[in-house]
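Asks: Pasting a structure here, questions to come.
No lab work stands behind these numbers, since they all come straight from the coordinates. Predicted model, so just to flag it, every value in this text is computed and none were measured. Reconstructed Cβ throughout: ideal geometry from the backbone, glycine too, with neighbour counts over all protein chains shown.
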Amino acid sequence: MQITLLSKGQIVIPAHMRRRLRLRPRSVLDAEERDDGIFLRVVKSSKKIEPIEYLPPGAIKLTRRDCEEMDALAGDDASPDFE
């Protein structure tokens, strides 16, 4: 298959190849120059790393279930009345 080099040095990978290789916009390819041409290889991407959310010193993070369990242990009269 022949691919044409565009004016800015870009190439277009045909859609059926992008689908088969699961390439998306911003996918990273490794280009290797060889004696007979250029070899492109898809860089295996690791899963996105989510930033760690640090709590301020002394703070604790409770789930809704934790809160419900503490309310159940405290009884009805311990919950504040906000009305």
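Asks: Give me the dipole magnitude in Debye, nearest 20, for region 1-56 about the Cα centre, with unit charges on the beta carbon: positive for Lys and Arg, negative for Asp and Glu.
Replies: My answer is approximately 420 debye.
Asks: Choose one of Leu5, Leu73, Gly58: the residue whose Cα lies farthest towards the positive end of the charge dipole of the chain (beta-carbon charges +1 Lys, Arg; -1 Asp, Glu; about the Cα centre).
Replies: Checking the options against the dipole of the chain, the answer is Leu5.
Asks: Something else: So for each of 10-17, 50-57 I average, over its residues, the number of other beta carbons within 10 Å; can you give me the resulting order with the highest mean first?
Replies: The peptides rank, most packed first, as 10-17, 50-57.
Asks: When the helices in the chain are scored as -39500 (n - 2.57) per DSSP H run of 4 or longer and the sum is shared across all residues, what 222 nm value do you end up with, to the nearest 500 deg cm²/dmol?
Replies: Per the formula, -5500 deg cm²/dmol.
Asks: Helix 64-74 versus the longest principal axis of the chain: what angle, 0 to 90°, nearest 10, using Cα atoms?
Replies: 10 degrees
Asks: Calculate, in nm to one decimal, what Cys67 and Ile3 gain on full extension: separation in residues at 0.36 nm each, minus their alpha carbon distance.
Replies: Length gained between Cys67 and Ile3: 17.0 nm.
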